[in-house]
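> Structure incoming, see below.
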Amino acid sequence: MKKIISLLLIAALLLSFCACSKPKKSAQQNKELTIVSTIFPTYDYIRAITKDVESVKNIMLLAPGNESHSYEPSVSDIARIKSADLFLYIGGESDEWVDGVLETTGSENAIALSSLVKTLEESKKGILTEEKEEETKESAEPEFDEHIWSSLRNSQTIIKALCDKLCETDPDNANDYKVNTEEYCKKLNALDTQFKQFFDSKKNKTIVLADRNPFRYFAEDYSLNIVAAFSGCSSNSEISLGVQNALIKAVKGNKLSTVYVLENNNGVYADAICKQTGAKKAVLNSCHNISQDLFDRGATYYELMAENLQTLKDTMK
Ligand SMILES: [Zn+2]
């Protein structure tokens with residue numbers, strides 16, 4: 001994997017030498033602003049802020065429908081990062097490749113979204129599968145949980161900061177950016193209030209996920225107790241019998257009527273748990289990415305989160 005990335009870096013360097021005679025792109029010169037994001041939530045934030053501003057080219061590196069945790073940049077992705085006016089990434093575990101790329105492309109136009117909000121350490125609370133620490137890891141520093149977008153509050157903080165950055169980079173369209181930002185944040189804020197009211201009405205705020213838990217920040221916002229098979233970025237997908245029994249115990253002990261899985265989960269483990277407990281299965285959107293179909297229809301982060309609220313209202317009795 002490291003080797004592949006070094007080869008890509010060399011290729012990107014070669015590409016950059018070929019392009020060195022061209023002047024550096026700026027919004028003022030050609031009136032086009034290219035913004036490259038690694039994953040869907042960031043792409044969505046930019047789409048909302050720059051709505052109806054035609055001079056903005058909004059690019060998502062992760063292809064719709066693809067798994068974000070195993071994403072690796074292609075040579076053309078690196079070239080796109082290099083020529084971008086703004087490159088946005090989360091800055092967590094899944095973005096370990098970014099540092100190497102920025103060494104060749106330069107980091108002055110790059111923003112790690114995790115630097116814009118208060119991050120939380122990855123927590124093992126409610127995670128049933130014990131993960132073996134990678135022995136090769138040099139630093140013992142605790143990693144932060146990278147799923148910052150699962151909080152509607154974080155999303156608003158990030159959108160406002162990105163709006164400020166865009167206004168500074170492209171003052172001609174600043175007014176549109178500000179109006180769009182206010183409009184989108186108002187919707188996200190209203191949805192946050194609805195989530196809060198819903199969870200406040202629940203005595204038992206336990207959610208059982210027969211899956212990874214990418215909802216650490218979401219759970220923090222509404223004081224939820226999430227019991228999950230795996231941590232947020234786990235590459236594990238096979239639930240052991242012991243963990244399955246622990247999930248069954250959590251469903252029965254909390255008298256829950258629903259077991260949740262994330263989008264793209266085939267649900268076999270959840271089905272087995274449902275069979276043993278009489279619970280039903282429901283899907284929550286983690287928003288790492290969206291399907292090609294939803295992408296083509298222009299589905300938004302707001303819509304995916306609103307769908308989560310509806311699912312929870314329908315299933316969390
Ligand atoms: Zn993740």
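Bear in mind that the values in this text are calculations on the coordinates, not laboratory data. These figures come from a predicted structure and were not determined experimentally. With ideal geometry, Cβ positions are generated from the backbone for all residues, glycine too; neighbour counts draw on all protein chains shown.
> Quick one: of the DSSP bridges fully inside the chain, what percent are antiparallel, nearest 5?
Rounded to the nearest five, the antiparallel share is 5 percent.
> Give the relative contact order (percent, whole number) for the chain; include only Cα pairs under 8 Å separated by 6+ residues. Spell out each step's value before the answer.
Values: 464 pairs, mean separation 56.6, N = 317.
Reported relative contact order: 18 percent.
> So for the range 198-315, averaging the separation of alpha carbon pairs under 8 Å that are six or more residues apart and normalising by length, what relative contact order in percent results?
Details: 151 pairs, mean separation 25.6, N = 118.
About 22 percent, as a whole number.
> Does anyone have the angle between helix 268-277 and the longest principal axis of the chain? Alpha-carbon axes, 0 to 90°, nearest 10?
It is inclined by approximately 30 degrees.
> Would you please give the residues with an amide H less than 5 Å from that of residue 151, counting only those at least 5 places away or on a separate chain, with H modeled from the backbone geometry?
Under 5 Å from the amide H of residue 151 lie the amide H atoms of 218, each far enough along the sequence or on another chain.
> If you don't mind, there's one more thing I want to ask. Check each of the GluC sites (Glu not before Pro) in the range 25-107 and keep only those in coil by DSSP with at most 14 other C-beta atoms within 10 angstrom; list them in order.
32, 54, 67
> Could you work out the relative contact order of the range 249-294, using alpha carbon pairs under 8 angstrom and six or more residues apart, expressed as a whole percent? If you can, show how the numbers build up before the last one.
Values: 47 pairs, mean separation 18.1, N = 46.
Relative contact order of the range 249-294: 39 percent.
> What are the radius of gyration and Dmax of the range 152-234, computed over its Cα atoms and given in Å?
16.8, 50
> Would you please give the residues with an amide H less than 5 Å from that of residue 127, counting only those at least 5 places away or on a separate chain, with H modeled from the backbone geometry?
Close amide H contacts, sequence-distant or interchain: 228.
> Please report, to two decimal places, log10 I(q)/I(0) for the range 192-294 at q = 0.13, 0.16, 0.17 Å⁻¹ as given by the Debye formula with identical point scatterers on the Cα atoms and no solvent.
Results for the range 192-294 at q = 0.13, 0.16, 0.17 Å⁻¹ read -0.46, -0.70, -0.79.
> A further question follows. Just from its helices, what would the mean residue ellipticity at 222 nm be for the chain, if runs of 4 or more DSSP H residues each count -39500 (n - 2.57) and the sum is divided by every residue, rounded to the nearest 500 deg cm²/dmol?
Numbers: 12 runs with 145 residues, N = 317.
Result for the chain, helices only: -14000 deg cm²/dmol.
> With charges set only on the Cβ (+1 for Lys and Arg, -1 for Asp and Glu), what does the dipole of the chain come to about its Cα centre, in debye to the nearest 20?
On the way: 37 positive and 46 negative charges, 231 e Å.
Taking the Cα centre of the chain as origin, the dipole is about 1100 debye.
> Then there's this: Quick one: P(r) of the chain from all Cα-Cα pairs, 10 Å bins, percents rounded to integers, in order of increasing distance.
5, 25, 32, 23, 11, 3, 0
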